[in-house]
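Below you'll find the structure, written out as structure tokens, and then a few comments.
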Amino acid sequence: MKLLLCAVLLTLGWPASSQTTPVKPAKPPKPELVDFAPDLAKVTADLKQKFESAPSTGTNFDDNLAAINALIVKHLKDGNREQVARLYLLDAHIYADGLTNTARAKAIWAKVATDFPGTVAAQGAAISLTKLNQVDATVDLTIPEGLEVGQRFPNFSEKDLYGKPLSVAAYRGKVTLVDFWATWCGPCKAEMPNVIATYQKYHKSGFDIIGVSLDQEQKSVLAYTQAAGMTWAQYFDGAGWGNKIAKQYGVQSIPMAYLLDKHGVIIAKEVRGRELGVAVEQALNK
């Protein structure tokens, strides 16, 4: 009788014992990724139109960057992965070809290759990254290092005032001023308003600054740079004239500045006043 009851229960699909493993509920299907092709096409067309009009150093890409970033924020989590990756490639296109900031473009391409594996966009990003690295390597082989105009500024790898990595190589693709200064240096402080104005005018176009402070008090550097709006990276080790980088490059008086082109080659030394802005603009236009 018990055997017959078990057979009936199994036939009906009921549990023959209270110890039977319960069936796990099925997981809800993943929502489909949003296709936003029309929006992507619009920002692409707007950017294409601007590039076809032969942009110059002064061309403003703020509206394009804002439109692209808005779509990234909106669709990063639920958007078609290929389309989101293409938005990042548009960003990289602006920085590499419009703002001549290949360092930023490199970072974006690396992100696409890492975060969007298997997409066509990731393949394109990897190719662009490889080509640019090959160009940089070629330049490094043909231009000797040194501290004179026409030589490639020697690289250093340190930490900045806030503990973040800082190196000259990371600024490749930008026109860069390596500025040796101190808060106790009168001529440095007299020139700083011009340096700040030049930075504010050309930073979005691909100009940047690496500050090397020969101060001994960190709080002095922090207070001065924050009050003056000096938002660029600063190297500080508290050694004053014994500053590691200053000694490495034989700096014996300040202010001392080296202006580097997009390949890290020195194009001017101790350039100041109005001449700094002129030199930066010329370098960005090459």
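The values are calculated or read from the model by the stated rules, or taken from the named source; none is laboratory data. Since this is a predicted model, take the numbers as computed values, not measurements. Using ideal geometry, Cβ is built from the backbone for each residue, glycine included, and neighbour counts are taken over all protein chains shown.
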May I ask you to say which residue of GLY250, GLY211, GLY238 is crowded, with 21+ Cβ neighbours inside 10 Å and either touching an Asp or Glu at 6+ places or on another chain (Cβ under 6 Å) or over 19 Å from GLY186 (Cβ atoms) (or both)? GLY211
Filter the range 148-200 down to residues that are touching a Leu at 6+ places or on another chain (Cβ under 6 Å) and more than 20 Å from GLY240 (Cβ to Cβ) and give me whichever is surrounded by the fewest Cβ atoms within 10 Å (Cβ to Cβ). THR198
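One line per residue, one yes/no per condition, for (1) at pLDDT 85 or above; (2) surrounded by 17 or more Cβ atoms within 10 Å (Cβ to Cβ); (3) under 27 Å from LYS286 (Cα atoms):
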residue: LYS77; (1), (2), (3): yes, no, no
residue: ARG86; (1), (2), (3): yes, yes, no
residue: LEU89; (1), (2), (3): yes, yes, yes
residue: GLY98; (1), (2), (3): no, yes, yes
residue: ALA110; (1), (2), (3): yes, no, yes
Test THR183 against the stated conditions and say whether it is part of a loop (DSSP other than H, G, I, E, B), in contact with a Phe, Trp or Tyr (Cβ under 9 Å, 6 or more places away or on another chain), of a type in the set (Ser, Thr, Tyr) and at pLDDT 95 or above. yes
Which of the residues spanning the range 196-242 are in contact with a helix residue (DSSP H, G or I) (Cβ under 8 Å, 6 or more places away or on another chain) and part of a strand (DSSP E or B)? PHE207, ASP208, ILE209, ILE210, GLY211, VAL212, SER213, GLN234, TYR235, PHE236
